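Only the coordinates and a few stated rules stand behind these numbers; no lab work does. Everything quoted here is computed from the prediction, not taken from an experiment. Positions of Cβ are backbone-derived with ideal geometry, glycine not excepted, and every protein chain shown enters the neighbour counts.
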Amino acid sequence: MVEIITDDIEEALKFYKLLGFSILLRDTKDCIFLNNKGVKLSLSTKIYNESIYGTIPRSSGNKVDLAFLCDSAQDVDDLCHKFTNAGVEIFQKPITNKLGERFAMIQDPDGNLLRIYA
């Protein structure tokens, strides 16, 4: 499981739902566990983490680069259109690299980079 610390848990939830995640458990208003075909994420706020670890984690975007495998190159393009229609700016528009992999980069509401690829 990957934990993502977010400034706005509801905006993060909307974003990750676009990637196909659903709520597995809403532990508190500051912690939500998500699942997408066995891939689990935890969204939590700084307040939640401070209550557990006794310190507020530093956060500014681009701290992680998460990669999500799509079923096909067309799925990469379709997912980018879905995000664009939802008002999300695509960080790196879909391209096909020299290995024949189709990929794009998007940013979540906290600036974390997400790679979608096939």
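Listed values, structure above:
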item: Proximal aspartates and glutamates to LYS29, defined as alpha-carbon separation beneath 12 angstrom and excluding residues fewer than eight positions away on the same chain; result: ASP8, GLU10
item: Selected from ILE47, ILE56, ILE23 as most flexible by GNM, with the chain as the system and alpha-carbon contacts under 10 Å; result: ILE56
item: For the chain, the longest site-free run once trypsin sites (Lys or Arg not before Pro) in DSSP loop states with at most 16 other Cβ atoms within 10 Å are removed; result: 64-97
item: Over 26 Å between alpha carbons, listed pairs LYS17/LYS46; LYS40/LYS98; LYS37/LYS82; LYS14/LYS40; LYS14/LYS98; result: LYS40/LYS98; LYS14/LYS98
item: Note, ³J(HN,Hα) from phi for the stretch 22-27, Karplus 6.51, -1.76, 1.60, rounded to Hz, x at Gly and Pro; result: 10, 6, 8, 7, 9, 5
item: Bins of 5 Å from zero: percent of alpha-carbon pairs in the stretch 1-59; result: 4, 21, 31, 24, 12, 6, 1
item: Cα shape, the stretch 61-118, gyration tensor, a/c 1.5 rule; result: oblate
item: Equivalent ellipsoid semi-axes, the chain, via Cα gyration tensor eigenvalues times 5, rooted, Å; result: 27, 14, 12
item: Relative contact order (%) - criterion: Cα under 8 Å, at least six apart; region: the stretch 1-59; result: 36
